[in-house]
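Right, one structure below, let's go through it.
The values are calculated or read from the model by the stated rules, or taken from the named source; none is laboratory data. On a predicted model such as this, the values are computed, not experimentally measured, just so you know. Here the Cβ positions follow ideal geometry from the backbone for every residue, glycine too, while neighbour counts run over all protein chains shown. The protein model used for the area step is the full one, side chains on, heavy atoms only, and it has no ligands, DNA or RNA in it. Shrake-Rupley method; radii C 1.70, N 1.55, O 1.52, S 1.80 Å.
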Amino acid sequence: VIDAETYEAFQSWRAQQQGLTLADVFDDLRQLCIEVDYTLSVPARQDRANAFAEGLDDVSV
């Protein structure tokens, strides 16, 4: 349950979003990240066990 003011703000935002493509949304997000100097940190890749690949080693051809 939300208050009427929050709902109206959501409805206003939603009306503005009509007709936007996913590319438009990503462009807006990219611009927002530039404005707030946000950088997405990506953790280093880690190898993990792969049961399927290990099972292939057990199969004789």
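Solvent-accessible area per residue for the chain at a 1.4 Å probe radius, Å²?
Ligands and nucleic acids excluded, the figure is 104 Å² per residue.
Taking the Cα-to-Cβ direction at Asp57 and at Ile34 and moving 7 Å from each Cα, how far apart do the two end points lie in nm?
Placing both labels 7 Å along Cα→Cβ, they lie 4.9 nm apart.
Compare Asp47, Asp27, Asp37 in a GNM of the chain, Cα atoms joined below 10 Å, and give the one with the largest fluctuation.
Residue with maximal mean-square fluctuation among Asp47, Asp27, Asp37: Asp47.
For the chain, give the percent of accessible area contributed by carbon and sulfur heavy atoms, probe 1.4 Å, rounded to a whole number. Let's see the in-between values first.
Values: 3550 of 6330 Å².
Accessible surface attributable to carbon and sulfur in the chain totals 56 percent.
Only one of the values (i) 22, 54, 22, 2; (ii) 15, 20, 22, 15, 17, 9, 2; (iii) 20, 38, 20, 14, 7, 0 was calculated from this structure for P(r) over Cα pairs in 10 Å bins from 0, in percent; name its label.
Answer by label: (ii).
Within a Cβ distance under 14 Å of Ala51, other residues only, what is the Lys/Arg minus Asp/Glu net charge? All intermediate terms of the calculation are to be shown ahead of the outcome.
Details: positive: Arg48; negative: Asp47, Glu54, Asp57, Asp58.
My count for the surroundings of Ala51 gives -3.
With everything on Cα atoms, drop me the angle between helix 4-17 and the longest principal axis of the chain, reported from 0 to 90° to the nearest 10.
70 degrees
Hey, got the dipole for the chain? About the Cα centre, +1 on K and R Cβ, -1 on D and E Cβ, debye to the nearest 20?
Roughly 100 debye, rounded to the nearest 20.
Within the set of other residues whose C-beta is less than 14 Å from the C-beta of Ile34, count the net charge using Lys and Arg as +1 and Asp and Glu as -1.
On the way: positive: Arg30; negative: Asp27, Asp28, Glu35, Asp37.
Summing Lys/Arg as +1 and Asp/Glu as -1 gives -3.
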